[in-house]
């Protein structure tokens, strides 16, 4: 089986500047008789997701939503904490990689992807933004089977 990513440049390749934020824990509280559920880091998360949506919208333009199996590769460049020992080469602490991925995929849904369930292959990396600005590189390919 050969994948589209092995044959040609990504259908979508974009850089989103900013500090990547995880999408995970929810907070539930009551206002009057209504129960409201929001993400624990709602404000920061919305800024990050809006940045992804804005960049993806500009790059994808008026192309139809990708509604077929797809592969995505994500490179998250995170700020290196001042307190991190110099010998620590990778951001092996929070934020969790799966929660960073979730924020990106949900941001692309309805803009580039018809549904993030169409993603069948994910490559994701957390790196320190030492000689690189903070942000996320997103590369997306439709999957094709050349030799079934």
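Bear in mind these aren't lab numbers, they're just calculated from the coordinates by the rules spelled out. Everything numeric in this text was worked out from a predicted model, so none of it was measured. All Cβ positions, glycine included, derive from the backbone under ideal geometry; neighbour counts span all protein chains shown.
What list do you get for 47, 119, 111 if you sort them by fewest beta carbons within 10 Å?
Lowest to highest Cβ neighbour count: 47, 111, 119.
Rg and Dmax of segment 84-148, both derived from C-alpha coordinates alone, stand at 15.1, 48 Å. Treating r as the C-beta distance of residue 82 and residue 44 and R0 as 22 Å, the FRET efficiency rounds to 0.65.
From helices alone, the chain scores -7500 deg cm²/dmol at 222 nm; the rule is -39500 (n - 2.57) for each run of n ≥ 4 DSSP H residues, then divide by the residue total. Springs join every pair of Cα atoms under 10 Å in this Gaussian network model of the chain, and among 24, 32, 123 the largest mean-square fluctuation is at 32.
Measuring between their Cα centroids, segment 79-148 and segment 45-65 lie 15 Å from each other. Once C-alpha pairs closer than 8 Å and six or more residues apart are averaged by separation and normalised to the residue number of the chain, the relative contact order reads 44 percent. Mean-square fluctuations from a GNM of the chain, with a 10 angstrom spring cutoff on Cα atoms, peak among 125, 35, 63 at 35.
Kindly work out what percent of the DSSP beta bridges joining two residues of the chain are antiparallel, to the nearest 5. Show your work: numbers first, answer last.
Values: 20 of 31 bridges.
Antiparallel: roughly 65 percent of the beta bridges in the chain.
Largest GNM mean-square fluctuation across 95, 20, 81, computed for the chain with C-alpha springs under 10 Å, falls on 81. One decimal place: the segment residue 114-residue 93 gains 4.4 nm when fully extended, by the rule 0.36 nm per residue minus the C-alpha distance.
Kindly put 21, 99 in sequence by how many other C-beta atoms sit within 10 Å of each C-beta, fewest to most. Intermediate values should be presented prior to the final figure.
Values: 21 21, 99 17.
Fewest-to-most ranking of 21, 99: 99, 21.
Residue separation of residue 67 and residue 125 scaled by 0.36 nm, minus their Cα-Cα distance, works out to 18.4 nm of gained length.
Rounded to whole Å and sorted largest first, what semi-axes of the equivalent ellipsoid does the C-alpha gyration tensor of segment 40-148 yield via the square root of 5 times each eigenvalue? Mind dumping the intermediate values first?
Values: eigenvalues 152, 59, 28 Å².
Taking √(5λ) for each Cα gyration eigenvalue gives 28, 17, 12 Å.
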